[in-house]
């Protein structure tokens, strides 16, 4: 090729490129058509009528519902002990015996009164024979009868004193329950100024706790209370709510009784749950099907293959359910499964087997 031809060819190529007429052969495959996204498969549920309760957690202290300090009626040496700390006793069960130093004296007085009474009765029998035969006057016979009555009174008095001394020397349980503490030891001294032991009533326990003024409207006698301790739950009833602020805590003292709570140790602390607010028989949904945008709640509903985003008004909520105040009815099908393909007017498929 001549030099002039080469220059001409280059000029033609440059011109074509300048005007967009230079075409490069396409070597790649045509672009694949965009993939179609399948509608999400969803599960649904209808709002349910339920009670929603909001609980407030507090700390309480356990004490026996019945607590008796066993104090002897007379002082003396303890001669026998029949129970130990932790034992369960029945009402009237013998706890210990005390040598009151008065039992023997009372017994002797009783024996002397019994002899006088027997002598008076014997004398009356003899006088009755004489009186019947007319050997003694009526006045003398009446005096003998009076002496028998006096001897009977003296004997009854001595018997009562002896029985008292026996009771004083035999200390028994005033109530059924558990021995919480004891100072009883053989050869130890019992006095009327100190308890021999403390018995707590079995079965029920009292929980003492404090509430703020703001909670008073929701803490009333007769209201239920739930108690937790070491993984176990107990139910009880509020029995007392003070109307005066405690000078020690600045709060209002309250008490609740828990039945069948033998496992709760006196003096230990427990966690109480009180109803702070309650909505009864209201429309509810599980809390995890409700979404929020800028703090505004909404849900997704399913309607004949179409998704709708529905704004709702909510009320009380607990750990599981939330009250639906407005925006839904009991017949609405609320979507309970999440998908990034959920939005207003999006298509959706109902999971097989779900109506």
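Please treat every number below as a calculation from the coordinates, not as lab data. From a predicted model like this one, the values you see are computed outputs, not experimental measurements. Reconstructed Cβ throughout: ideal geometry from the backbone, glycine too, with neighbour counts over all protein chains shown.
Using a cutoff of 8 angstrom between alpha carbon atoms and counting only pairs six or more residues apart, the relative contact order for the chain works out to 27 percent. Placing a pseudo-label 7 Å from each Cα along the Cα-to-Cβ vector at residue 80 and residue 306 gives an inter-label distance of 9.3 nm. Between helix 103-133 and the chain there is an angle of about 50 degrees, using the helix long axis and the longest principal axis of the Cα atoms. Taking the average, over residues, of other Cβ atoms within 10 Å as the packing measure, peptides 333-343, 140-150 rank 333-343, 140-150 from highest down.
Here the gap between residue 339 and residue 56, fully extended at 0.36 nm per residue and compared with their Cα-Cα distance, gives a gain of 98.4 nm. Model label sites at residue 133 and residue 46, defined 7 Å from Cα along the beta-carbon direction, differ in position by 11.0 nm. The simple Förster model, with R0 at 51 Å and r as the Cβ-Cβ distance, assigns residue 105 and residue 208 a FRET efficiency of 0.65.
Between residue 326 and residue 239, the FRET efficiency estimated from the beta carbon spacing at R0 = 45 angstrom works out to 0.70. The slack between residue 122 and residue 146, meaning 0.36 nm per residue of separation minus the straight C-alpha distance, is 7.3 nm. From the Kirkwood radius over Cα pairs of region 67-198, Stokes-Einstein at 20 °C and 1.002 mPa s returns a whole-number translational diffusion coefficient of 122 µm²/s. Relative to the longest principal axis of the Cα atoms of the chain, the long axis of helix 3-18 lies at roughly 40 degrees. Computed from the C-alpha gyration tensor, the three semi-axes of the ellipsoid equivalent to region 140-284 are 54, 21, 16 Å, from longest to shortest. Extents of the chain, taken as max minus min of Cα coordinates on every principal axis and listed largest first, are 190, 49, 45 Å. Residue exposure proxy: 108, 196, 251, ordered by other Cβ atoms within 10 angstrom of their Cβ from fewest to most, comes out as 108, 251, 196. Summary value for region 235-287: 28 percent relative contact order, contacts being C-alpha pairs under 8 angstrom separated by 6+ residues.
Listed from fewest to most Cβ neighbours within 10 Å, the set 129, 219 follows the order 129, 219. FRET efficiency for the pair residue 249 and residue 218, taken as 1/(1 + (r/R0)^6) with r the Cβ-Cβ distance and R0 = 25 Å, rounds to 0.85. For the chain, the longest principal axis of the C-alpha atoms and the axis of helix 138-169 are separated by about 30°. Exposure proxy ranking for 55, 252, based on other Cβ atoms within 10 angstrom of each Cβ and starting from the fewest, stands as 55, 252.
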